[in-house]
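Structure, as structure tokens:
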Amino acid sequence: MKKIIATVGPSLLHTTPLSEVHNERNIYRINGAHGTVDDIEQYILKIQEQIPDAKILMDLPGNKVRTAGFKDVHIDIEENKIFTLSFHQMNYTNFYSHLKEGDTIWANDSIFRFTVQSIDIKNEKIHLLSHSTGRLLNNKGMHVRGIHEHIPFLFEKDKGLIKLANKYNLAYVGLSFVRTQADVIEAKSLITSDSIIISKVETVAAVKNLVDILNEVEYILIDRGDLSTEIGLEKVPAYQQYIIDKAVFHGKKVFLATQFLKSMEHNPIPTIPEVIDMYNTLKSGIYGIQMSEETAVGKYPKNCLDTIIKLIDEITDEKLHNC
């Protein structure tokens, strides 16, 4: 039975209660990147209040560098204009120490691109040239290719969230930005509950070390959004197929994530290309898919989940007819 990871948030869980969408195939994901550890504990309690036996995935934010602490929630940026971020406007305040003049920063899943102009250590400022126009929000990723392996695997928030997973014996813990087998082993040493680890593949290092990582876990999740910031959008299809093939060969279960039903954040029905892509994806040997913004903040979380179930049923019917 294919599984559906549905991310909870202001939409699913609060506006749309889980009782309206619950299905035995559902796993309810808490995105650990949003909110404090105390906030996330309240999410656990709210899920369990609505569905006492719910399967919950604690998705650790991992060592993804994110914007933080903007007083006005966002910073307006303009193409070919320089703007400034302080060291403390990052969740990882030592981010500056990994940067050098001329580095390219890909922000908000590669929607924005910045070039490091200079680093003012005395005043704790990073001066950036923007190649994009828009609003840079709090809690958005700031990625520089090639430096990730030098950043600690688990931040303090990750460790706090692992303690929560242990406390409530959550069904799954998702490890973000895994690079090596050692990263998985480090997380395992802190997980004292029966939680199943889902190792996310979203870095080039994870792809290079995939077989070693597969030796440590039974489940992986390919996050195509973060992976695209490392390899470029045009390479995602080939990487995706390579990872699926390798994992299936080794008898592992694979989830896929990122923008399956992106249009349904605002529309009650999907586009035809989205339906066709999801249909082909569900037939590709994967174990399940993940809904992110579509259910967490989208207007139509129930429609999204109904769409997936209809496609799964359609594929199941085809198999039965071909028997």
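The values are calculated or read from the model by the stated rules, or taken from the named source; none is laboratory data. Not measured: the values here are computed from a predicted model. Using ideal geometry, Cβ is built from the backbone for each residue, glycine included, and neighbour counts are taken over all protein chains shown. Side chains are part of the model used for accessible areas, which takes the heavy atoms of the whole protein and leaves out ligands, DNA and RNA. Shrake-Rupley method; radii C 1.70, N 1.55, O 1.52, S 1.80 Å.
Tabulated results
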read-out	value
Number of the condition not met by Pro237 [criteria: (1) buried (at least 24 other Cβ atoms within 10 Å of the Cβ); (2) free of Cβ contacts under 8 Å to residues at least 12 places away in the same chain]	(1)
Identity of the residue in the range 183-208, within 21 Å of Arg145 (Cα to Cα) and part of a helix (DSSP H, G or I), that ends up most open to solvent (accessible area, probe 1.4 Å)	Lys208
Scan of the range 163-176 for residues that are closer than 20 Å to Ala206 by Cβ and either among the small types (Gly, Ala, Ser) or touching a helix residue (DSSP H, G or I) at 6+ places or on another chain (Cβ under 7 Å) (or both), ordered by number	Val173, Gly174, Leu175, Ser176
Every residue from the range 74-123 that is part of a strand (DSSP E or B), among the charged types (D, E, K, R) and either more than 23 Å from the chain's Cα centre (by Cα) or loosely packed, with under 13 Cβ neighbours inside 10 Å (or both)	Asp76, Asp120
Residue in the range 217-231 that is in contact with a strand residue (DSSP E or B) (Cβ under 7 Å, 6 or more places away or on another chain), of a type in the set (Phe, Trp, Tyr) and in contact (Cβ under 8 Å) with a residue 24 or more places away in the chain present	yes
Top-ranked residue of the range 124-165 - restricted to ones that are at pLDDT 95 or above and of a type in the set (S, T, N, Q), ranked as surrounded by the fewest Cβ atoms within 10 Å (Cβ to Cβ)	Thr133
Residues that are within 13 Å of the chain's Cα centre (by Cα) and outside any strand (DSSP E or B), drawn from the range 221-241	Arg224, Gly225, Asp226, Leu227, Ser228, Thr229
Residue among Leu129, Leu190, Leu161 that alone is in contact (Cβ under 8 Å) with a residue 12 or more places away in the chain and under 19 Å from the mean Cα position of the chain (by Cα)	Leu161
Matching entry among Ile213, Ile276, Ile244 (being more than 19 Å from Gln290 (Cα to Cα) and part of a helix (DSSP H, G or I))	Ile213
